[in-house]
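Structure first, commentary second.
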Amino acid sequence: MRILVTGGAGFIGSALVRHLVRDLGHEVVTVDALTYAANPASLDDLKDDPRHRLVEADIADLGRMRAAFGEVRPEAVVHLAAETHVDRSIQGPGAFVRTNVLGTQVLLDAARGAYDALEGEAKARFRFLHVSTDEVFGSLGAEGAFDETSPYDPRSPYSASKAASDHLVRAWFHTYGLPVVVSNCSNNYGPRQFPEKLIPLMILNALEGRDLPVYGDGLNVRDWLHVEDHARALGRILQAGAPGATYLVGGRAERTNRWIVETICAEMDRQRPQGAPHARLVRQVADRPGHDRRYAIDPALIERELGWRPQRRIEEGLADTVAWYLNNEAWWRPLRDTVYGGERLGLVKPSGLKFLR
């Protein structure tokens, strides 16, 4: 197939692009605005592959998107382009609304035009796969898990913007007949993740002997999914997902943030013993505003209907992830030195607005 992937130079996107091209043999055009969290180096191993091409463009630019769709004439679209970091959404929500909400609407309109121009078999197999997050469902209690019927209850500007995009995608299915599929995934981890996120931040801080900040009591729970397992799930959804359907993708690996950090410390002790014990660097810091207590996903539907299951155990996946960052300084060092140096994000600041009484 000829597939257009938005956000393909990002963390999940680059893993998916490699899977689509190398494992499944598809032709892929990556559309990416190359904002701070994107890194063309994540696609370096495909730079000589004629089945892949990178186009720098903003999904919120309707003219560029219509031109891209007209040139590529995709048989499927996978939409991953998004602002994703909760802490950054607290400090600057406007960028999240622009990219995640307006950008999705623009992309849907461009995809609709391309779909309407198709005929026959090409039209029957066209899919618009929208990749979203479990954060749209809010915070769970001590028991239970999200599934495809869970109500939406977003708590942060990030999750609210993703919830809005999910609703837009489903509206284009019901109103215009665009054959969409929505997936909501749990927390991803693995190689090539931008170092503002928990796992790469802890690895790189530990490597440099810097504090390892843990929000609150560290007992917030997330369901962890290796990015390569997620890429396989998306490939399967694209191949066999039903139009209008939603699939939740989770790793069946619930762990507290404290467990994640302690396990990284143990792996750093093993793989880079000169800095041991790395656990001495752990510091509890003030919690993030609106920090959801627990997420968990029940992936029974995708397991049952599409035959996908996570393959990477969290312990093995974390060990491999630590090793990747230790062995790939050329990938992360430019980001660490010039884009994000590990400073605290997500602190609520005064609005700066003044009103006359």
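All of the numbers you see were taken from the coordinates with simple rules; none came from a lab. What you see is a predicted model, and the numbers here were worked out from it, not measured in a lab. Please note: Cβ atoms are built from the backbone with ideal geometry, for glycine as well, and neighbour counts cover all protein chains shown.
Report the FRET efficiency, 1/(1 + (r/R0)^6), for D287 and R125, where r is their Cβ-Cβ distance and R0 is 45 Å, rounded to 0.05.
Numbers: r = 47 Å, r/R0 = 1.04.
That pair, D287 with R125, gives E of 0.45.
What do you get for the angle between helix 103-116 and the principal long axis of the chain? Use alpha-carbon atoms, 0 to 90 degrees, nearest ten.
It works out to around 30 degrees.
Any chance you could list P(r) for segment 1-120, counting all Cα-Cα pairs in 10 angstrom bins from zero, rounded to whole %?
All Cα pairs considered, the percentages come to 14, 45, 32, 8, 0.
Of the residues Q274, Q311, Q91, which exhibits the maximal mean-square fluctuation in a Gaussian network model of the chain defined by a 10 Å Cα contact cut-off?
Greatest mean-square fluctuation among the candidates belongs to Q274.
Answer with one residue from V55, F126, V339: the one whose Cα lies farthest towards the positive end of the charge dipole of the chain, charges on Cβ with Lys, Arg +1 and Asp, Glu -1.
In the chain, that residue is V339.
Go through 242-249, 76-83 and give me the packing order, highest mean Cβ count within 10 Å leading. Write out the running numbers ahead of the final one.
Values: 242-249: 19.8, 76-83: 25.8.
The most tightly packed comes first, giving 76-83, 242-249.
Choose one answer from T84, T256, T149: the residue with the largest mean-square fluctuation in a GNM of the chain with alpha-carbon springs under 10 Å.
Judging by the Gaussian network model, the answer is T149.
Step through the table entries K47/K123; K197/K349; K162/K197, compare each Cα-Cα distance with 27 Å, and write down the pairs that go over it. Don't skip to the answer; put the middle values down first.
Working: K47/K123 30 Å; K197/K349 21 Å; K162/K197 18 Å.
With Cα atoms farther than 27 Å apart: K47/K123.
So which GluC sites (Glu not before Pro) in segment 105-167 pass both tests, a DSSP loop state and at most 11 other Cβ atoms within 10 Å of the Cβ? Mind showing how you got there, number by number?
Working: sites: E119, E121, E135, E143, E148; in loops: E119, E143, E148.
Counting only loop positions with at most 11 other Cβ atoms within 10 Å, the GluC sites (Glu not before Pro) in segment 105-167 are E119, E143.
Over the chain, what is the mean sequence separation of C-alpha contacts under 8 Å (at least six apart), divided by residue count, expressed as relative contact order in percent?
On the way: 679 pairs, mean separation 65.5, N = 357.
RCO, the chain: 18 percent.
For a label point 7 angstrom out from the Cα of T338 toward its Cβ, which stretches of segment 12-40 have the backbone nitrogen within less than 13 Å?
Residues 36, 39-40 qualify, since their backbone N sits under 13 Å from the label point.
Of the beta bridges DSSP finds with both residues in the chain, what % are antiparallel, to the nearest 5?
Numbers: 3 of 40 bridges.
Of the beta bridges lying entirely in the chain, close to 10 percent run antiparallel.
Helix 62-72 sits at what angle to the longest principal axis of the chain, using alpha carbons and giving 0 to 90 degrees rounded to 10?
So the inclination is approximately 70 degrees.
For the chain, take the alpha-carbon Rg, divide it by the Kirkwood Rh, and send me Rg/Rh. Show your work: numbers first, answer last.
On the way: Rg = 20.1 Å, Rh = 20.9 Å.
So for the chain, dividing Rg by the Kirkwood Rh gives 0.96.
Quantify how much of the Cα-Cα distance distribution of segment 103-193 extends past 16 Å, in percent. Walk me through the numbers on the way to the answer.
Values: 2477 of 4095 pairs.
Result for the distance tail: 60 percent.
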